[in-house]
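Colleague: I have a structure I would like to understand better, so I am pasting it below and will then ask my questions one at a time.
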Amino acid sequence: MEEVWGTILVLLRVWFTAVVLLIMLPAMFGISLGITEVYMKILVKTLEWATLRIQKHNRRQDLIKATVTNGIIQRDDGSMEQEIGALRQSRPTSLSRGKFTLCDVFYFTRKGIESIVDDEVTQRFSSEELVSWNLLTRTNNNFHYISLRLTVIWGLGVVIRYCVLAPLRITLAFIGITWLVTGTSLVGLLPDISVKSWLSELVHLMCYRICARGLSATIRYHNKENIPKNGGICVANHTSPIDIVILANDRCYAMVGQVHGGLMGIIQRSAVRACPHVWFERSEMKDRHLVAKRLRDHVADKTKLPILIFPEGTCINNTSVMMFKKGSFEIGGTIYPVAIKYDPQFGDAFWNSGKYNMVSYLLRMMTSWAIVCNVWYLPPMERQEGEDAVHFASRVKAAIAHQGGLVDLSWDGGLKRAKVKDTYREQEQKKYSSMIVGDDSSGIVGDDSSGIVGDDSSGIVGDDSSGIIGDDSSGIVVDNTSGIVGHKSSS
Amino acid sequence: MGTLFSAPDDHFQDLSEKTGFSPEQIQILHKRFKQLSNEEDLLRRDDFNNIPDLACNPIRTQIIEAFFDKRNFRQNAVGSVEEISFEQFVVVMSHFRPVPLHNMTEEQRERMRREKLRFLFNMHDTDNDGTITLEEYKHVVEELLSRSGAIGKETAKGIADAAMLEVASITVGRMNPEDFYEGITFDHFLKILKDIEIETKMHIRFQNNACALC
C-alpha cells in the first residue's frame, strides 16, 4: 500500500514541477516555449481533416443546409409608407391619403409573422451556430453520425480534454488565483512608494498570464500602439467574464464593478490593496451620480490606471454589438475602444448566464479545445463639441463593430431579461397614424385643437360626401347616410 | 448538449407534406420554435412577447392570438388554446408559406387566396360569429392608431365608421336609411379585397443562400 502511495506522491511531485517549469514560469515572464503553438497546429490539422470527412460524406448524401447567421428570410426594405402604398395601389379606386383601409392591416401582419420566424435580437442571446462541427459534443446540434474514424477521434478528444487538459488547467487556475490573492496582499503591506505600483502591476500581470494559460488562451493583439494609457477609459464589447483576463494580459487596468461575496469578494478585497480598483457596494450602484462622481475622480488623476468598462451591460454572443449605455461616456476623458472577437471554432466563450452558472461555465471553458481570440486596439476617441453622450456612444460602438466584424445593433442588451418598453410600440403607431392622418392639416386633424372636427366638410372620405364626421360632435351621423352604426338619431 | 445521432427526419417529412414547407424550412422553423420556447416542447403566449420586433408591432396581440386560435389549425375546431406544439405552430405558419405561383392552376390560386384571407378574417373576427362587426373593426383601428395619443379615441372611432361605410357601399350598394349594417361577412371581405394580390404579398420568403455543410 505504501508503495502505491509513494509512487502517487512522486508522480504528483513530477507533475507539479513540470507544470511550474514548463507553463507557469514562462507565463509569468511573458515568454512562450512554443508548446501551445504545437498544440494549436495539431488541433487545426485535426479539425480540417474532420471537416473534409464530413463534407465528403454529405456530398454523397446531398445534404444542404442553410446558414443561419445572415437571417433566414428575405424582407422588404421599404419603409412603412412605401409598402402600404404598394398594397393600396393594387386597388382600382385610388385612395387619397388620409384613409384607413383594411389592407393596411396586412402590412403589419406580415411584419409580425416575419419577426416571429426570425428576428435580429433573440438570436444574440444564445451561442453562435457553427458552420462545421469542431468535435465537441456540446456543439453537435445537427451533425449526424459520419464514420467510425471520426467517432474515434471524437472519443480521443473527449479523453484528452477531460483527463489531461482539464486537470492541468484547473491546477493552473488555482495557482493563478492563489498567487493573485497572496501577491496583492503582500504588495498591499508596503507603504506608498513608487516601487509599489510597479510591483502590483507585475503581480497582476503574472497572475492573469497564468490564468490565461489556465484556459489555453491564444490571444493576438493588434495595433498595440493604441494601447490604453493611464487616466483614460477603456471600453470593449462584452462576451464573457473571461474578457477581463484577455485584456489584462497585456497591461494592467483598474476594474470597475460591484462588490461580491465569497471567492470573488476575497479577490476583490486583496486586489484593491495593491492598486486602486473601483468597487461599488450594491446600494451605491443605484445612485448614478455617486457612481459617476467616483469614476470622474479616478479619471481626473492622470497617473491612475485606465478604467475598464463594458458599456453593453450584459454578455452578448460575440456576433453583434448591442446598445452602449451612455453613462460611461458622460464621464469625460479619453475613450480607448477595444474590439474583442473570439474564434468559435475552438471553444465557445459566450456566457449564457440564464443557462449556466459561473462554475459550470468555467468548467466548460476548461474542457474546450482552446480559447482563441483577436484583440484590436482602436485609436482613442473623444467627445466632440456639442455631441451628446448617446451619439458619442453609438459612434464608438460603430467603430468597434466595424473593426471586429460584428453586426451593429441599436437594441438594448437588457432585452435579454426585460421586455421591450411600450414606447417602441407607440412609435410604430405614431408613424402609421401620421400617415393616415397626415402631418398637415388637410387630413382629419383640423386647425382647431379638438382634432376631430375639420373646418370644412371634407373630413375623412375624400371631398365628395360631406364626410362621416360632420359638424356636430356625435360624430357619426351625417345628413344623407344615417345609421351605419344604427344611431338612428337625426343630425 | 446535442447528440451524436440526430433526431429522425421522418417526422419532419410528414409535416413537410402536410403543410407544404420544404424539409429544410421545417428544420429552420423547428430551431426557431426551440429558441422561442426555451428548449421546451410547447409554446406559450408569453414566449412571443420576448421578440422585440414583434413587441413594436401595433397589432401584435391579434397576431399572437392567431397562433392559439383553433380555427387556424385546419381541424375545423373553434376556441383557443393556451399552448401549442411545434406541429400546430407550423400549421399556422403554413398560411404564409412561400408559394410557387407559376406552377399553380387557377383553382389552386383561388384556394390559396381564400385560405390566406380566411386567416386574416379570423384575426379580426374574434368572437367567431362569421362577421366582423363595427366593434371588432373599431378595435383593430384603435390598436393601430389611438394608443399613441396622437389620435384621440373619437377620431379612431370616426375612422372606423368611415371605413365601414365604404365597405358597405362596395358590398351592399346603396342602402336605405333604415338598413342596419351588421358587419363584414367573409364574402364581403373577399369582395373588398379581390383586387389585392394577396398571394404575393402575404408570404414569407426564405432566403436561398444555402451552402453545403462543410
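The values are calculated or read from the model by the stated rules, or taken from the named source; none is laboratory data. The shown structure was predicted, so the numbers you read here are calculated from the model rather than taken from an experiment. For neighbour counting, all protein chains shown are included, and Cβ atoms are generated from backbone atoms with ideal geometry for every residue, glycine included. For the accessible areas, the whole protein counts, side chains as well, though only heavy atoms, and no ligand, DNA or RNA atoms are used. Shrake-Rupley method; radii C 1.70, N 1.55, O 1.52, S 1.80 Å.
Colleague: Filter region B:52-70 for residues that are assigned to a helix (DSSP H, G or I) and out of contact with any strand residue (DSSP E or B) (no Cβ under 9 Å at 6 or more places or on another chain) and give the result.
Modeller: First, the residues of region B:52-70 that are assigned to a helix (DSSP H, G or I): B:52-55, B:60-67, B:70.
Within region B:52-70, B:52, B:53, B:54, B:55, B:60, B:61, B:62, B:63, B:64, B:66 qualify.
Colleague: Conditions first: (1) within 8 Å of chain A (Cβ to nearest Cβ); (2) at pLDDT 80 or above; (3) open to solvent by 40 Å² or more (accessible area, probe 1.4 Å). Residue B:36 passes all but one, so which condition is the exception?
Modeller: The single condition residue B:36 does not satisfy is (3).
Colleague: Same structure, new question: For region A:292-327, enumerate the residues that are farther than 25 Å from residue A:196 by Cα and of a type in the set (Asp, Glu).
Modeller: A:312
Colleague: For residues that are among the β-branched types (Val, Ile, Thr) and within 28 Å of residue A:342 (Cα to Cα), scanning just region A:106-146, find the one that is modelled with the highest pLDDT.
Modeller: A:117
Colleague: Hey, residue B:98 hits all of (1) in contact with a strand residue (DSSP E or B) (Cβ under 6 Å, 6 or more places away or on another chain); (2) closer than 29 Å to residue A:429 by Cβ; (3) within 14 Å of chain A (Cβ to nearest Cβ) but one; which does it fall short on?
Modeller: The number of the failed condition is (2).
Colleague: Then there's this: Looking at the structure I just gave you, is residue A:346 over 17 Å from the mean Cα position of the chain (by Cα) and open to solvent by less than 30 Å² (accessible area, probe 1.4 Å)?
Modeller: Yes: the conditions hold for residue A:346.
A quick yes/no check of all residues on (1) modelled with pLDDT of 85 or more; (2) within 30 Å of residue B:40 (Cα to Cα); (3) not in a strand (DSSP E or B):
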residue: A:324; (1), (2), (3): yes, no, yes
residue: A:338; (1), (2), (3): yes, no, no
residue: A:341; (1), (2), (3): yes, no, no
residue: A:346; (1), (2), (3): no, yes, yes
residue: A:352; (1), (2), (3): no, yes, yes
residue: A:355; (1), (2), (3): no, yes, yes
residue: A:365; (1), (2), (3): no, yes, yes
residue: A:369; (1), (2), (3): no, yes, yes
residue: A:373; (1), (2), (3): yes, no, no
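Colleague: Name, by its number, the condition in (1) open to solvent by 70 Å² or more (accessible area, probe 1.4 Å); (2) touching a Ser or Thr at 6+ places or on another chain (Cβ under 7 Å); (3) within 21 Å of residue B:144 (Cβ to Cβ) that does not hold for residue B:50.
Modeller: Condition not satisfied by residue B:50: (3).
So that you can scan it fast, the table gives a plain yes or no per residue for (1) closer than 30 Å to residue A:383 by Cα; (2) not in a helix (DSSP H, G or I):
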| residue | (1), (2) |
| --- | --- |
| A:163 | no, no |
| A:169 | no, no |
| A:176 | no, no |
| A:180 | no, no |
| A:191 | no, yes |
| A:198 | no, no |
| A:209 | no, no |
| A:246 | yes, no |
| A:252 | yes, yes |
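Colleague: Could you check how many residues of region A:6-29 are open to solvent by 40 Å² or more (accessible area, probe 1.4 Å) and over 23 Å from residue A:368 (Cα atoms)?
Modeller: 12
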